[in-house]
Amino acid sequence: MKTDCMAWKIWVYVVLALAMGDGQALAQAISSRGTPVNAGRSALGAGGMIRLRELTGLGPRSIMQGSNSSGNRRGESRNWVELGLQFDTEPEWQDEIIFHFFALLKNRETAKFTLLKGTVTYVDVARGRSRMGSAYIRPAGLARFGDVIGVAVEAVIKGEVVGTLSEGKLGPGKPLPQDWWKRPELVPVQGYVVDRSKTPFALVNFDDYEALK
């Protein structure tokens, strides 16, 4: 009886040892793969400099109306689209962070796609969470090219792309391809995506946003 009991204990120890070995091997395999810059928006980007948390620009919540004050002879407001960004920074100070904003628009009548691009540069960005940035699509861009179906942003520090984030879809159950804004057939159109200082919202909640270069 004692021999059987001892044999049982040895078998249990062997099974546990094998299980622990497999668990360690699995953990090493996962860690060896590395973490993509934009993996689930949860890890700091390359070099631990920045994390892009949230990007908006799709749907009616992103539509903003310009002023229809007495200075507007048309007597009507025009719609802008806000591309809002929240991000974290880790170093005590970042001298400069460049954000390239992209918006993919689709014309309702012709089904033609147009890629818009604009650049926003912030300076003296202090360490913190949920820092705010933004870019805006001019009303003429919406009138000429259609509805926004995809938005993306690239963060550049010292000439290196350290983070990307994108949202959007072609239709129900049809996500946009990965890195869609880099596709060679989409030639970016400049001039329709502008920074906050070039909009009617330049002084709205001014201190919530980083300082523009």
Proximal lysine pairs in the range 46-212, meaning Cα under 22 Å and 8 or more positions apart or interchain, come to 14
In nm, the gap between the two label points placed 7 Å beyond Cα toward Cβ at Thr121 and Asp208 is 2.6
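Read-outs: derived from the displayed coordinates by stated rules, not from any lab. Every value quoted in this text rests on a predicted model; they were computed, and no experiment measured them. Glycine gets a Cβ as well: all are built from the backbone with ideal geometry, and neighbour counts include every protein chain shown.
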